[in-house]
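Below: the structure, in structure tokens.
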Amino acid sequence: MNEHTDTWSGFDATAFQRQVIAEFRANNGKLTGLFEGWSLVVLTTIGARTGRRRETLLGRLEVDGNAVVVASANGSDHHPAWYHNLRKNPVVTVETGEDTYRAVASVPEGAARDELFGRVVREAPGYADYQAKTARRIPVVILNRIDPDPGEERV
């Protein structure tokens, strides 16, 4: 599967994702069905090859006051397209349902990545299963907010 042919045996993953993102936006980040109760974000990146805006719905964790997403691709042997996009263009847009802001994506390496991944797994153990399915080191991405938080006082 890639960003151009997101179809598995008749299932159109791109259309499904667009539908879920529309529901996410219409309900201020609250979803029903399969994703009910999940903490999610819509991450908008700029395509590494195309330069076009790309929207992806991702699971979100909060670590030390920053949003964190994991480039697990469900344990695939390849990084997801959105990860390649933000490596080339690290300024992204994050939608939580209640807030939309710009952020700079950073990807910790080495011991910092391992410590952060451990924290992620303690909060969401399924990511350990994804890591066990692949030989690649699954990246953890910190979304460092660059827009001022609307609740913060300006000096």
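Remarks
- Whether the chain is rounded, prolate or oblate, judged on the alpha carbon gyration tensor where a/c under 1.5 counts as rounded: rounded
- Point-charge dipole on Cβ atoms (K/R +1, D/E -1) for the chain, about Cα centre, debye to 20: 560
- Annotation for residue 77 and residue 17: the two label points, set 7 Å from Cα along the Cα-Cβ direction, are 2.2 nm apart.
- Selection from 31, 76, 111, by position along the positive dipole direction of the chain (Cβ): 76
- Computed packing ranks the peptides 81-87, 106-112, 136-142, 120-126 as 81-87, 136-142, 120-126, 106-112, most packed first, by mean other Cβ atoms within 10 Å.
- Per residue, the range 106-145 exposes 53 Å² of solvent-accessible protein surface, assessed with a 1.4 angstrom probe and all protein chains in place.
- The range 36-110 shape via C-alpha gyration tensor axes, a/c threshold 1.5: rounded
- Contour excess over end-to-end distance, with Cα ends at residue 102 and residue 26 and 0.36 nm allotted per residue: 25.3 nm
The values are calculated or read from the model by the stated rules, or taken from the named source; none is laboratory data. Owing to the predicted nature of the structure, the values given are computational and were not obtained by experimental measurement. Neighbour counts are summed over all protein chains in view; Cβ atoms, including those assigned to glycine, are modelled from backbone coordinates with ideal geometry. SASA here: full protein model, heavy atoms, side chains in, ligands and nucleic acids out. Shrake-Rupley method; radii C 1.70, N 1.55, O 1.52, S 1.80 Å.
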